[in-house]
Amino acid sequence: MKKTLSILVLSILSFSFSWSQDLENSLLWEVSGNGLEQSSYIFGTIHMTCDASLDDKVKLALDNTSLLVLELDMDDPSMNTAMMQNMAMKDNQKMKLLLSDEEYAELDAFIQSKFNAPLNAFETFKPFFLSAMLATKFLDCPVQSFEAELVKVSKEQEEEVLGLETVEEQLNIFDEIPYQDQIDDLMVSISDDLAKDKVKFQKISEYYKTSNLVGIQELTDEDDTLTMSKYKNLLLTNRNKNWISKIASFAKEQPTFFGVGAAHLIGDEGVIQLLRKQGFTVTAVK
């Protein structure tokens, strides 16, 4: 479970919000100009899939770069420890204090049916983590991730892997989002045995396979969960803006391959448009 939690965190964070903007349907983008001696690349990922095989143009971009930068430093040996240390809610908050007795019993039965473990084993976890754990039930196959494949190639090429943000920075977002809103979303999800969530995930996966950024945008715009509809700045906008100076710095040092969730590419305040506003030329790789 520890090995998959980082992917689940990325998954929940990345499929959040987007805004109207015409972009070509490509998951791989070349970044050039604005003083760069060599091009860097940005690749939109999906964090959970049945097949994370990299296509030839992505492999070529990896060959033409000398550093891999993901949302998190996925090969950091301390990452799982940091993840475990930041799972708990602040101020001694507990699940029992967020739910009625009836709701607690309902969630307890559901968690036991999915994980063969009682809810009190996760009593102090941020509710988001339970949502992330349940996301593994969206796939009827062993979970694969593009991040893991990218790291594998970088290791074979003996190249360094770094991150745009830390585990602590990512998980602190779920201390800023009220725990009550998180648990309310979780109760909605289990009310239909995750059926609505599964349909959304399947649609996103299909759009991803065809590099359909417009389709991904439409689905994320329709997301009506409390977490997504009320806290878009925390989940997406602020993070995109914080990344731009880091992306520019890495790219100016050496040709870099960046991998971020596909939803981060899209919109007027998405990574592509923000880089263009900084003077970079960002073009789709067909």
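The values are calculated or read from the model by the stated rules, or taken from the named source; none is laboratory data. Not measured: the values here are computed from a predicted model. Quick reminder, even Gly has a Cβ in these numbers, built from the backbone with ideal geometry, and neighbours come from all protein chains shown.
Being small (Gly, Ala, Ser) and assigned to a loop (DSSP other than H, G, I, E, B) is the filter; apply it to the range 262-286 and report the residue that is nearest to residue 242 (Cα to Cα). So that I can check it myself, show each step before the final result.
Going residue by residue through the range 262-286, those that are small (Gly, Ala, Ser) are 262-263, 267, 270, 279, 284.
When the remaining residues are screened for being assigned to a loop (DSSP other than H, G, I, E, B), the result is 267, 270, 279.
Numbers: 267: 16, 270: 11, 279: 17 Å.
In this case the residue turns out to be 270.
Out of the residues in the range 145-164 that are of a type in the set (Val, Ile, Thr) and not in a strand (DSSP E or B), which is nearest to the chain's Cα centre (by Cα)?
Step one: of the range 145-164, the residues of a type in the set (Val, Ile, Thr) are 151, 153, 161.
Pick out the ones that are also not in a strand (DSSP E or B) and you get 151, 153.
On the way: 151: 16, 153: 20 Å.
If we take residues in the range 145-164 being of a type in the set (Val, Ile, Thr) and not in a strand (DSSP E or B), then 151 is nearest to the chain's Cα centre (by Cα).
Matching residues to (1) exposed (fewer than 14 other Cβ atoms within 10 Å of the Cβ); (2) under 24 Å from residue 173 (Cα atoms):
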| residue | (1), (2) |
| --- | --- |
| 103 | no, no |
| 106 | no, no |
| 117 | yes, no |
| 121 | yes, yes |
| 132 | no, yes |
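Could you tell me whether any residue of the range 248-261 is of a type outside the set (S, T, N, Q), under 18 Å from the mean Cα position of the chain (by Cα), in a helix (DSSP H, G or I) and closer than 20 Å to residue 211 by Cβ? Steps first, answer last, please.
Kept after step one, since they are of a type outside the set (S, T, N, Q), are these residues of the range 248-261: 248, 250-253, 255, 257-261.
Next cut, under 18 Å from the mean Cα position of the chain (by Cα) only: 257-261.
Then keep just the ones that are in a helix (DSSP H, G or I); that gives none.
No, there is no match, as no residue in the range 248-261 is of a type outside the set (S, T, N, Q), under 18 Å from the mean Cα position of the chain (by Cα), in a helix (DSSP H, G or I) and closer than 20 Å to residue 211 by Cβ.
Out of all the residues in the range 116-142, which are within 24 Å of residue 85 (Cα to Cα), in contact (Cβ under 8 Å) with a residue 12 or more places away in the chain, not in a helix (DSSP H, G or I) and not acidic (Asp, Glu)?
Selection gives 124, 125, 126.
I'd like the full set of residues that are of a type in the set (A, V, I, L, M, F, W, C), crowded, with 17+ Cβ neighbours inside 10 Å and either free of Cβ contacts under 8 Å to residues at least 24 places away in the same chain or closer than 17 Å to residue 155 by Cβ (or both), limited to the range 55-101.
58, 61, 62, 67, 68, 69, 70, 72, 74, 79
So how many residues does the range 199-227 have that are touching a residue at least 40 places away in the same chain (Cβ under 8 Å), more than 17 Å from residue 135 (Cβ to Cβ) and not in a helix (DSSP H, G or I)?
The total comes to 3.
Only one residue in 281, 220 is buried (at least 19 other Cβ atoms within 10 Å of the Cβ) and among the hydroxyl-bearing types (Ser, Thr, Tyr), so which one is that? I'd like the intermediate steps shown before the answer.
Values: 281 fails: buried (at least 19 other Cβ atoms within 10 Å of the Cβ).
Result of the check over 281, 220: 220.
With respect to the numbered conditions (1) modelled with pLDDT of 90 or more; (2) among the basic types (Lys, Arg); (3) within 14 Å of the chain's Cα centre (by Cα), which one is the sole condition not fulfilled by residue 232?
(1)
Taking residue 196 as the residue in question, decide whether it is assigned to a helix (DSSP H, G or I), out of contact with any Phe, Trp or Tyr (no Cβ under 9 Å at 6 or more places or on another chain), loosely packed, with under 15 Cβ neighbours inside 10 Å and touching a residue at least 60 places away in the same chain (Cβ under 8 Å).
Numbers: assigned to a helix (DSSP H, G or I): yes; out of contact with any Phe, Trp or Tyr (no Cβ under 9 Å at 6 or more places or on another chain): yes; loosely packed, with under 15 Cβ neighbours inside 10 Å: yes; touching a residue at least 60 places away in the same chain (Cβ under 8 Å): no.
So residue 196 does not fit the description; no.
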